Every structure is written in structure tokens, then in C-alpha cells.
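The values are calculated or read from the model by the stated rules, or taken from the named source; none is laboratory data. Since the structure is predicted, the reported quantities are computational estimates derived from the model, not experimental observations. Note that we place each Cβ from the backbone using ideal geometry, even for glycine, and neighbour counts take in every protein chain shown. Please note that ligands, DNA and RNA were not included when accessible areas were found on the heavy atoms of the full protein model with its side chains. Shrake-Rupley method; radii C 1.70, N 1.55, O 1.52, S 1.80 Å.
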Amino acid sequence: ALDIRLFGKAIDSTRTVWQSRQKIGTYSPELHQHYPPNWNCLDVVCSGFFNTIGLYQPSTRAQRDLAQSWLDEFDLSATGETPLGELSLANQRFVLLARAVVKQPELLILDEVCQGLDAAHRRLVLQTVDRVIAQTAASLLFVTHHAREMPRCVTRVLGMQAGQIQTG
């Protein structure tokens, strides 16, 4: 019953939702928790092209090259054939962040991307998010419970306190 628009187009069908998803990259703790740990890192990144948890259709050579370039960007060049579950938590996070940005989305939604990381890795993730946003010019929706876990590129803040919206 609502007039919902994404990327300037009315959402009027399931097809429109799927088309819009091609312009959105995501990371969430649920994605991380449910991603098969035995999938190799290159396939994990390539799955971002298809919005799937796992890679169930062949990726093209160009897609694999782009996925590898994102692994290279995140200093994970040698992990392409490594199972995701064999990496440290922080490096798994970077692989899944590469998955989120591989298709060069217009909108990047990162939900609790720093959850469970120590201070050093949290800083590294936030610096990486800043770098990714600068490189891709994507809009960023960044969800966190902690103000110290916010990248510098964030320009507007919407907060919740006792069920009330606060802006800052």
C-alpha cells in the first residue's frame, strides 16, 4: 500500500526488487554466520555478483579477475583457493567485505561490520570502508551500536535512544 522507490524506480514487482539488489552490496553478521566455511575465498567474493550465499552458477573470467583484484586490494592475494573458515575472523570479514563491493554497488549496506573484532582490526576495517567508499563513490548505510565503530566517511547519523529517533 506504500509507494516505495529504490534508485528512482517504483517497487512494483519481485522483478524490480531483484533488479534493485544488483545495485546493493551487503554485509551482516547473519551472512557471516551462515556462509559455508568450506567455500574458497575467490568463490565467496564471486557470489557477490549473484547475491547468493555460496556460488551456484559459474562466474565469468572477468568476474573472477575482478574478485581477485578485491582480494588483492585487501591484502588477501594468496587466499583465493583457501576455504573461508581457515582464515582469521578479521580476514573472513575482509573477504565478505570484498563480496559486498565486488559488483561496484551504488549502495553499500554494512551491518555491524566491526562486531567481535579487536581494536586494531576494527581500525583496519573502518579505514578500509573509508577507502572503499572513496574508490567506488557508493552511498553507505552503516549500522553499528557503537559510535567509535563508525568510519570517517559517514556524514549523517540517525540514532535511536529509548525507541526514539535522534539525528546528529
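The lone criterion from (1) over 30 Å from residue 148 (Cα atoms); (2) open to solvent by 10 Å² or more (accessible area, probe 1.4 Å); (3) of a type outside the set (Val, Ile, Thr) left unmet by residue 54 is number (2).
Among the criteria (1) modelled with pLDDT under 95; (2) more than 21 Å from residue 115 (Cα to Cα); (3) surrounded by 12 or more Cβ atoms within 10 Å (Cβ to Cβ), the one residue 14 does not fulfil is (3). Within segment 124-139, the residues that satisfy the criterion of being touching a Leu at 6+ places or on another chain (Cβ under 9 Å) and either among the hydrophobic types (A, V, I, L, M, F, W, C) or open to solvent by 60 Å² or more (accessible area, probe 1.4 Å) (or both) are 124, 125, 129, 132, 133, 138, 139.
Restricting attention to segment 22-39, the residues being in a loop (DSSP other than H, G, I, E, B) and touching a helix residue (DSSP H, G or I) at 6+ places or on another chain (Cβ under 6 Å) number 2. Checked against (1) in a helix (DSSP H, G or I); (2) of a type outside the set (Asp, Glu); (3) modelled with pLDDT under 90, residue 121 passes all but a single condition, namely (3).
Being over 29 Å from residue 59 (Cβ atoms), among the hydrophobic types (A, V, I, L, M, F, W, C) and not in a helix (DSSP H, G or I) is the requirement here; does residue 154 meet it? Show your work before the answer.
Working: over 29 Å from residue 59 (Cβ atoms): yes; among the hydrophobic types (A, V, I, L, M, F, W, C): yes; not in a helix (DSSP H, G or I): yes.
So residue 154 fits the description; yes.
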